[in-house]
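The values are calculated or read from the model by the stated rules, or taken from the named source; none is laboratory data. Just so you know, these numbers come straight off a predicted model, no measurement behind them. When we count neighbours, we look across all protein chains shown, and the Cβ atoms used for this are built from the backbone with ideal geometry, even at glycine.
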Amino acid sequence: MLEPTLAHRPTVVLIPGLLRTASSLSLLAERLTLCGYRVARFDYSRTERPGEVEQRLQRAILDLDAGVHLIGHSYGGLIAVGTCQSPEVARRIKGVLCLGTPLRGSKTAQRLRAHRAGKALLGVAGGYVSIPLPYPRVPAEVVMIAGERGRGPGLLLGSLGTRNDGTVDVAETAWPGLKEHIRLPVTHSGLLRDKRVASHAVAYLRTGSLLGLATIADEQNEQPRAA
């Protein structure tokens, strides 16, 4: 479902990651709202198959009377990009911003799925997040912010390279269909809270580029790194 309801007419729809709920996006939603955007959060159940979630999001987007931007964290980014496979829906989508999304497949998820407990934890989405997207592009613009502060469960599993956010490897986010890809020194969960992420999200919403408002990055005392 979309929260608030469709009557809210959002300009930005936020999609949470796996094992998270829409409330995990509250801080980002608040920051975007303060910048003048109408924000809705899309939620789903762990028991829903990825295709079912994408179809439900597609229907919600088609019900809107104006185009929207999608912002998805981790698995939520996979759902956002998958939703754009429909050309009819893609025409309503102004752009997709992925936050730490393993569009090229997650080795951490692969390691977890090798064990019964890990497979149960990931649920029906485990297979989807474990493999690269089976298509090189979608008829919509997709950009990525990847984290590279390596603190998280992926390190314990030994599934990550030297550049990672603790859950997802930077290389796993470098999908060939991306228009733009930058890296910030934040963890996987930090992508939801860090002010720099919100600043670059606003830059993208306003200008069509994550680096479109150079002063935003300057104000944060940390320059983003292009992948």
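Just one of (1) crowded, with 19+ Cβ neighbours inside 10 Å; (2) in a helix (DSSP H, G or I); (3) small (G, A, S); (4) at pLDDT below 95 fails for A80. It is (4).
Across segment 27-47, the qualifying residues are those that are out of contact with any strand residue (DSSP E or B) (no Cβ under 8 Å at 6 or more places or on another chain) and assigned to a helix (DSSP H, G or I), and the one among them that is farthest from Y75 (Cα to Cα) is L34.
Could you tell me whether L121 is of a type in the set (A, V, I, L, M), crowded, with 17+ Cβ neighbours inside 10 Å and in contact (Cβ under 8 Å) with a residue 24 or more places away in the chain? Answer is no for this residue.
Against the definition (within 26 Å of A109 (Cβ to Cβ), in contact with a helix residue (DSSP H, G or I) (Cβ under 9 Å, 6 or more places away or on another chain) and modelled with pLDDT of 90 or more), how does D169 come out, yes or no? Yes: the conditions hold for D169. In this structure, Y75 does not satisfy being under 15 Å from W175 (Cβ atoms) and at pLDDT below 90. So, P139, is that one farther than 24 Å from T47 by Cβ, of a type outside the set (A, V, I, L, M, F, W, C) and in contact with a Cys (Cβ under 7 Å, 6 or more places away or on another chain) or not? It is true that P139 is farther than 24 Å from T47 by Cβ, of a type outside the set (A, V, I, L, M, F, W, C) and in contact with a Cys (Cβ under 7 Å, 6 or more places away or on another chain).
When you scan segment 185-208, how many residues do you find that are in contact (Cβ under 8 Å) with a residue 40 or more places away in the chain, within 24 Å of A140 (Cα to Cα) and either in contact with a helix residue (DSSP H, G or I) (Cβ under 9 Å, 6 or more places away or on another chain) or of a type outside the set (G, A, S) (or both)? Here the count works out to 9. One residue stands out among those in segment 15-55 that are free of Cβ contacts under 8 Å to residues at least 40 places away in the same chain and in contact with a Phe, Trp or Tyr (Cβ under 8 Å, 6 or more places away or on another chain): the one that is surrounded by the fewest Cβ atoms within 10 Å (Cβ to Cβ), which is A22.
Would segment 212-219 turn up any residue that is within 30 Å of Q85 (Cβ to Cβ) and either modelled with pLDDT under 95 or surrounded by 15 or more Cβ atoms within 10 Å (Cβ to Cβ) (or both)? Yes: one or more hits.
Cβ-Cβ contacts under 6 Å between residues 6 or more apart (or on different chains), taken from a first residue in segment 126-145 that is more than 23 Å from V186 (Cα to Cα) and touching a residue at least 40 places away in the same chain (Cβ under 8 Å) to a second residue that is basic (K, R) and crowded, with 19+ Cβ neighbours inside 10 Å, are absent. The set of residues in segment 162-197 that are in a strand (DSSP E or B) and aliphatic (A, V, I, L, M) comprises I182, L184.
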